[in-house]
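Everything on this sheet refers to the single structure shown next.
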Amino acid sequence: MKLRIKKMNTDGLVRLESSGNIVEILVNEDFLHKDEESISICFRGRNSSGIVDLTMEEAKKIVDVLDAKKHLIKDFKVLRFEK
């Protein structure tokens, strides 16, 4: 997983890049408030770690976009060559 973040700071625009592996995906459910459900994607890299929280609407939007483009990536082959 690769993260690229832009943030406004007092010094101006700050750009941050990090990478890591997804360690865990949590579905946060609230039985009393069903509108407040969310998905947490936990990641850990060599020098960084964090959690990306998505609302259910954001997760559904990602799934819809991936379903629409799934036909474009189903016939890929990865070729590895030795040097």
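Bridgeable aspartates and glutamates around residue 77 (alpha carbons under 20 Å apart, same-chain partners fewer than 8 residues away excluded): 67.
Ordering 59, 21, 31 by Cα displacement along the dipole of the chain toward the positive end leaves 21 in first place; charges were set at the Cβ atoms of Lys, Arg (+1) and Asp, Glu (-1).
Cβ crowding within 10 Å ranks 44, 4 as 4, 44, fewest other Cβ atoms first. Efficiency by 1/(1 + (r/R0)^6): what FRET value for residue 61 and residue 9, r their Cβ-Cβ distance, R0 = 30 Å, to the nearest 0.05? E(calc), rounded to 0.05, equals 0.55.
For the pair residue 2 and residue 34, a Förster radius of 30 Å applied to the C-beta separation gives a FRET efficiency near 0.40, rounded to the nearest 0.05.
For the chain, excluding the exposed loop sites themselves (GluC sites (Glu not before Pro), DSSP loop, at most 13 other Cβ atoms within 10 Å), the longest remaining stretch covers 30-81.
In plain terms, the residue of 73, 25 with the fewest other Cβ atoms within 10 Å comes first and the most crowded comes last, giving 73, 25. The relative contact order of segment 21-73 comes to 27 percent, based on Cα pairs under 8 Å that sit 6 or more residues apart.
Partners of residue 60 within straight-line reach, counting lysines whose Cα lies under 17 Å from its Cα and excluding those fewer than 8 residues away in the same chain: 34, 69, 70.
If you bin all the Cα-Cα distances of segment 21-64 at 5 Å, starting from zero, the percentages per bin are 6, 22, 23, 22, 14, 8, 3, 1.
Spread over its residues, the convex hull of the C-alpha atoms of the chain is 199 Å³ per residue.
Each reported figure results from applying straightforward, stated rules to the coordinates on display, with no laboratory input. Since we're looking at a predicted model, the values are computed, not measured. Methodologically, a virtual Cβ is constructed for each residue, glycine included, from the backbone with ideal geometry; neighbour enumeration extends over all protein chains shown.
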